[in-house]
Amino acid sequence: MTVVRDALPQYVALRRALGTKLQEPARTLEQFVEFLEREGSEFVTSELALRWAVQPQGVQPATWARRLGMVRRFAAWLSTIDTRTEVPPHRLLAPRRKRNKPHIFTEPEIGQLMAEATRLGSRTGLRALTYTTLIGLLTATGLRPGEALALDESDVDLESGILAVRQTKFGKSRFVPISESTRDALQKYAKQRDALCRRLRTSAFLVSERGDRLQGCTARRTFARISCVVGLRAAAGKHRSGRGPRLQDFRHCFATRKLIEWYQAGVDVAREMPKLTTYLGHVDVAHTYWYLEAVPELLQLATDRLSRTGGGSEGR
């Protein structure tokens with residue numbers, strides 16, 4: 001067993017003790033250690049780290065940069081234990097900071113995705129039930145996908161119709177009210193879930209076929225495949241789902257529709273925007289205003305409002 005192999009559990013334990021969940025990075029670093037072992041290397045080198053980082057094909061450069069960043073942080077810590085360790089330099093694979101243009105789902109598209117999710121095969125039928133509920137929940141609430149997957153049973157108050165979203169992005173927590181129809185759908189899911197899986201192995205609200213918490217990487221991969229089937233993504237070869245809508249786009253869709261609704265109703269959007277910022281869990285109202293730039297219909301509505309008011313409150 002190498003120094004790197006021995007050190008990885010210590011690194012993961014330390015990061016988690018400092019408050020980092022480190023779920024996906026821990027699995028990814030395990031794959032990197034396996035790569036080093038196949039290469040016969042007992043320590044990290046920048047050349048091997050770079051070669052491993054760019055292995056996935058058909059992905060965005062930001063994915064390569066994220067993989068290399070995980071190794072860089074691990075190597076920086078490991079270098080204090082093993083002086084042979086090379087720390088890959090910054091900007092070796094600089095990610096492009098341009099944000100993805102959001103996909104705003106139409107009602108028919110959401111219907112197609114929900115219908116295809118109901119056809120997901122599994123032994124008990126729980127897989128289809130969980131994914132239709134996940135898509136419905138994201139559509140109705142605008143939660144981040146990770147927030148929805150992190151919900152525990154105790155976070156879902158079906159009596160009051162309130163979701164407790166705890167310690168998410170930027171360490172913020174908030175309470176999210178849900179509509180009566182959403183509450184009914186979640187209540188139905190919980191009842192069917194408990195009937196289909198009598199041995200839950202997690203406190204999570206949304207669970208996998210095995211009774212564990214549904215993992216983000218699995219949810220993203222499954223959604224990409226569903227999107228391919230309904231024609232929203234073009235497959236990029238065997239086992240590749242290409243580029244297209246993501247689970248995160250349901251959040252963008254929710255925010256965009258709310259803003260369009262306000263503009264069309266003649267609401268003072270500048271006055272209401274901080275409420276949407278709080279609801280979405282943004283740290284700055286500027287992050288919410290990004291939708292005006294990203295969605296042409298919203299930008300046109302804002303422009304029309306400005307021309308009618310002569311540059312009123314929308315400019316604040």
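What follows draws every value from the coordinates through simple rules; no lab data is involved. Please read all numbers here as calculations on a predicted model, not as lab measurements. Here the Cβ is made from the backbone with ideal geometry for all residues, glycine too, and neighbour counts use every protein chain on show.
Worth a mention:
- Taking amide H as placed 1.01 Å from N in the peptide plane, the amide H of Asp152 sits under 5 Å from that of Phe205, each at least 5 places away or on another chain.
- Coil-residue trypsin sites (Lys or Arg not before Pro) of the range 184-224, DSSP, other Cβ within 10 Å capped at 12: Arg198, Arg199, Arg201
- One chain, two ends: Ala76 and Glu153. Fully extended at 0.36 nm per residue, the span grows by 23.9 nm beyond their Cα-Cα distance.
- Here the 3J(HN,Hα) profile of the range 242-258, calculated from phi with Karplus coefficients 6.51, -1.76 and 1.60 at θ = phi - 60°, is x, 9, x, x, 10, 4, 4, 5, 5, 5, 4, 4, 4, 5, 5, 5, 5 Hz, Gly and Pro shown as x.
- In this structure the amide hydrogen of Arg243, modeled in the peptide plane, comes within under 5 Å of the amide hydrogens of Ala234, none closer than 5 places in sequence on its chain.
- Karplus-derived 3J(HN,Hα), 6.51/-1.76/1.60, for each residue of the range 121-129, Hz, glycine and proline x: x, 6, 5, 9, x, 5, 4, 5, 4
- When you filter the trypsin sites (Lys or Arg not before Pro) in the range 102-155 for DSSP loop state and at most 15 other Cβ atoms inside 10 Å of their Cβ, you are left with Arg119, Arg123.
- Interchain or long-range residues, amide H under 5 Å from His103's placed H: Arg246
- Counting charges near Tyr189 (Lys, Arg +1; Asp, Glu -1) among other residues having Cβ under 12 Å from its Cβ returns a value of +1.
- Between Ala115 and Ser179, the contour length at 0.36 nm per residue exceeds the alpha carbon distance by 20.9 nm.
- Computed label-point distance, nm, for sites Arg198 and Arg5 using a 7 Å Cα→Cβ extension: 4.2 nm
- Debye log10 I(q)/I(0) for the range 196-282, one point scatterer per Cα, at q = 0.15, 0.17, 0.20, 0.24 Å⁻¹: -0.81, -0.88, -0.94, -1.06
- Cβ-Cβ distance of Glu37 and Ala270, R₀ of 45 Å, FRET efficiency by 1/(1 + (r/R0)^6): the value works out to about 0.20.
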